[in-house]
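Readers should treat all values here as calculations from the given coordinates under stated rules, not as data from a laboratory. Predicted model, so just to flag it, every value in this text is computed and none were measured. Because the Cβ atoms are built from the backbone with ideal geometry, glycine has one as well, and the counts that use them run over all protein chains shown.
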Amino acid sequence: MAATREHFGSRLGFILAAAGSAVGIGNLVAFPVAATKSGGGAFLLVYAVFVLFICLPIMMAELALGRTTEKDPVGAYRQLSGGSRAWRIPGWMALITPFMIAVFYLVLTVWILGYLIEVLSGNLNQLTNEAYFGQFINSKLIFVYLVLVMLLTNSVLAMGVKDGIERAAKALMPMLFVMLLGLVIFVLTRENSELGLKYYLLPDFAKLNAEVISKAMSQAFFSLSLGMGIMITYGSYLKKREAIPGAAKAVALTDTLVAFTAGLLILPSIFHFNPQIDTSTLSESSASMIFLFLPKIFLSLQGSIGYFGASAVAATFFFLVLIAALTSLISIVEVPLAALCDERGLSRKKAIYIVGVLQVILAGACAVSFGMVDWLTHFIHIAGSEKGFFELVEIVFYDTILPLNGLLVCLFVIYKWKRVNFNKALSQGDSSFSGSLSQKYVNFSLGTFIPVILLLVFLNTVALKFFGHSLI
Ligand code: PFF
């Protein structure tokens with residue numbers, strides 16, 4: 001007889017933990033830059049529509065799968081697949097994908113921790129030298145920080161769902177909100193910040209094309225931590241009496257608000273730094289924004305608030321990103337842990353050691369693929385260009401497989417598990433859902449156009465990333 005499953009202690013605890021997963025590096029940097037380059041308010045509008053009408057139903061489906069089975073993704077698909085071996089494959093994909101994304105995300109988190117420590121050591125000016133980034137990511141210090149990030153993440157996970165994940169989210173998420181608001185207020189009082197606001201918020205509908213729309217879709221999907229088995233796993237810790245639709249809405253709203261608010265920080269800072277900036281030159285890559293561009297912006301604040309003040313702002317920002325990254329990392333590492341405990345009957349402690357060792361090895365391989373180890377740096381040729389191991393993991397798991405996993409969730413829930421069962425799961429804890437317009441919409445959309453959209457995003461990514469041609 002299996003032990004009873006651990007649950008989140010409260011609805012708020014669940015919402016903060018799931019929002020902690022959803023709020024990540026993607027929200028704080030990638031979203032504001034993508035919005036600015038892709039039509040400002042027009043992009044925000046399209047993004048909001050995607051969150052509400054496409055991502056929210058998928059989040060409900062993932063949470064329902066987890067809550068009903070009280071299992072990790074592999075167990076959830078197995079239990080509901082009625083003996084079909086083929087339908088177990090998406091369960092495995094929803095385990096391998098987060099495992100590999102965690103590896104890639106670990107490296108980014110390690111760099112963020114490293115930059116925070118540099119700023120705290122008084123070295124902000126050094127970070128503005130672009131060559132420094134290359135030196136930093138190829139230094140041996142990376143391994144020390146890797147161990148530190150692993151220790152931070154796993155010591156939270158070792159305490160379990162309620163005392164570890166939930167407690168950390170309850171402490172860290174309010175801190176994140178306060179720091180973000182504090183930074184926004186500070187930045188909005190700077191000269192020329194209104195130019196950034198204008199750029200960010202004024203809609204330019206002429207910029208909306210198929211590519212921008214596909215970008216908004218991928219960003220929304222990724223930002224809500226979908227397709228990564230996370231919501232299935234977190235759903236498995238949600239008490240039966242809690243309402244899934246309401247909780248999913250709260251998570252999506254929090255995530256979107258944080259992304260939106262981050263834009264109120266990033267764009268005004270950029271325009272304070274350079275009021276004449278050509279936004280088309282801004283890099284869309286979160287990494288180059290965080291590590292190459294933002295340090296220059298922070299340092300430029302020394303004119304008005306001195307070097308110490310500029311370093312304090314930079315440290316607050318890096319600390320904020322570190323918290324966002326850690327809470328996301330915690331959620332994603334929980335997926336393989338849950339799988340080992342549920343499927344193999346391992347203790348949590350043993351699972352943490354196994355997953356931890358494997359991830360240190362793979363994250364180490366990613367970290368040295370920027371020049372430190374030759375064969376990992378020149379790992380593979382894809383679409384006519386050479387990619388390192390880190391880039392390969394990013395392309396395969398981050399860019400390509402996520403929408404495919406989302407597509408499989410929709411098809412599984414509607415056509416294999418069946419609508420009646422899905423509706424029953426969503427109505428548990430929320431009797432008003434049954435027969436509502438939301439129910440009709442969720443049922444219809446998940447069985448029709450949402451999988452079609454995800455299929456198109458998937459095919460386009462494959463064409464673009466592996467063959468070098470966009471279909472749109
Ligand atoms: N929503 C997260 C983000 O915006 O960064 C997505 C995520 C990525 C969650 C990586 C968890 C993770 F490990």
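General observations
- Residue satisfying all of: in the stretch 205-232; β-branched (Val, Ile, Thr) and crowded, with 22+ Cβ neighbours inside 10 Å; farthest from the ligand (Cβ to nearest atom) among these: Ile232
- Tally, over the stretch 237-260, of residues that are within 15 Å of the ligand (Cβ to nearest atom) and touching a helix residue (DSSP H, G or I) at 6+ places or on another chain (Cβ under 6 Å): 8
- The listed residue being more than 17 Å from Ser328 (Cβ to Cβ), touching a residue at least 24 places away in the same chain (Cβ under 8 Å) and within 16 Å of the ligand (Cβ to nearest atom), out of Ile25, Ile54: Ile54
- Top-ranked residue of the stretch 272-293 - restricted to ones that are touching a Phe, Trp or Tyr at 6+ places or on another chain (Cβ under 7 Å) and part of a helix (DSSP H, G or I), ranked as surrounded by the most Cβ atoms within 10 Å (Cβ to Cβ): Phe291
- Qualifying residue in the stretch 371-378 (condition: touching a residue at least 40 places away in the same chain (Cβ under 8 Å), surrounded by fewer than 17 Cβ atoms within 10 Å (Cβ to Cβ) and either outside any helix (DSSP H, G or I) or among the polar types (S, T, N, Q) (or both)): yes
- Helices (runs of 4 or more DSSP H) contained entirely in the stretch 1-99, each with at least 1 residues that are of a type in the set (S, T, N, Q) and crowded, with 21+ Cβ neighbours inside 10 Å: 11-22, 31-37, 56-69
- Single unsatisfied condition, Asn443 versus (1) farther than 19 Å from Ala247 by Cα; (2) surrounded by 13 or more Cβ atoms within 10 Å (Cβ to Cβ): (1)
- Of Phe8, Phe31, Phe43, all but one fail to be among the aromatic types (Phe, Trp, Tyr) and within 16 Å of the ligand (Cβ to nearest atom); the exception is Phe31.
- Remark: pairs (first residue in the stretch 117-142, without any contact (Cβ under 8 Å) to a residue 40 or more places away in the chain; second residue among the aromatic types (Phe, Trp, Tyr); Cβ separation under 7 Å; 6+ apart in sequence or on different chains) = Gln126/Tyr132.
- Qualifying positions in the stretch 298-315 - surrounded by fewer than 18 Cβ atoms within 10 Å (Cβ to Cβ) and either in contact (Cβ under 8 Å) with a residue 24 or more places away in the chain or within 16 Å of the ligand (Cβ to nearest atom) (or both): Ser300, Ser304, Tyr307
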